[in-house]
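The values are calculated or read from the model by the stated rules, or taken from the named source; none is laboratory data. Note that this is a predicted model, so its numbers are computed, not measured. Counting neighbours? That spans all protein chains shown, and the Cβs are built from the backbone with ideal geometry, glycine included. SASA here: full protein model, heavy atoms, side chains in, ligands and nucleic acids out. Shrake-Rupley method; radii C 1.70, N 1.55, O 1.52, S 1.80 Å.
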Amino acid sequence: NPDIVGKNLSFKSDNIINIFSNDDYKKIKKVKDLNPSLENTRKWILIGLKVGQRVSDLLSITSKQIRFDKDEVAMIDIKQKKSGRAVTVPVKDKDVVSILKNNLPHKISQQNFNKYLKLVCEKAGIKEKVKGYKFNSISKRKQYVKVPKYEILTSHDLRRSFATEHYSNGVPVNFIMNITGH
């Protein structure tokens, strides 16, 4: 646009991004005594944090898409629904590899996944107060709040956490973008 050439622009974003920290990951790995639905969700959360896929692709992973190399790295072949691209995601985390190899969780709906994700995180003790937006059922709008973190985490935060972790560990941006389908 010629009207904005040479002008200083600043963009104000009201997005607040919450991610799963390494401590959160450890808490989710350790949480015990969950009912079967929450235990199934806990496994999907752990996988989601290591594969960085959209929830539709995450919850569609089957054992037919997973292979293991000689070093026990899981290789998950995914055809991303949104982009149509085929990607292979390596997973090295021993606990997640064990889930992928021995006890793959069963499919659940995205709605139940997001609902149960909050319950798993609450039971795992992910309760530090954070700022964010939460749907207010009375006003029917998102409302700016400061609440325990588990209340506002969603499946999309798994992708954000994956990208943030890999970026902070020096993984090239183009590799992260390829895996996540950006």
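Observations
- Top-ranked residue in segment 48-61 [being part of a helix (DSSP H, G or I) and touching a helix residue (DSSP H, G or I) at 6+ places or on another chain (Cβ under 6 Å); ranked as nearest to ALA74 (Cα to Cα)]: LYS50
- Condition broken by GLU128, with the remaining ones in (1) touching a Pro at 6+ places or on another chain (Cβ under 9 Å); (2) surrounded by 13 or more Cβ atoms within 10 Å (Cβ to Cβ) satisfied: (2)
- Within segment 120-130, at least one residue is on the phi > 0 side of the Ramachandran plot and small (Gly, Ala, Ser).
- Residue that is at pLDDT 95 or above and of a type in the set (D, E, K, R), where the choices are LYS140, LYS134, LYS79, LYS70: LYS79
- Test: residue in segment 113-122 that is under 16 Å from the mean Cα position of the chain (by Cα) and farther than 17 Å from LEU34 by Cβ: no
- Top-ranked residue of segment 131-165 - restricted to ones that are farther than 25 Å from LYS32 by Cα and touching an Asp or Glu at 6+ places or on another chain (Cβ under 9 Å), ranked as surrounded by the most Cβ atoms within 10 Å (Cβ to Cβ): GLY132
- A single entry from ASN112, ASN103 fulfils the requirement of being loosely packed, with under 12 Cβ neighbours inside 10 Å and more than 16 Å from ILE28 (Cα to Cα): ASN103.
- Complete set of residues in segment 166-182 that are more than 12 Å from ARG54 (Cα to Cα), in contact (Cβ under 8 Å) with a residue 12 or more places away in the chain and open to solvent by less than 60 Å² (accessible area, probe 1.4 Å): HIS166, ILE176
- Boolean, SER63 is at pLDDT 95 or above, open to solvent by 20 Å² or more (accessible area, probe 1.4 Å) and among the hydroxyl-bearing types (Ser, Thr, Tyr): yes
- Matching helices (runs of 4 or more DSSP H) fully within segment 82-182 where at least 3 residues are polar (S, T, N, Q): 110-123, 156-168, 173-180
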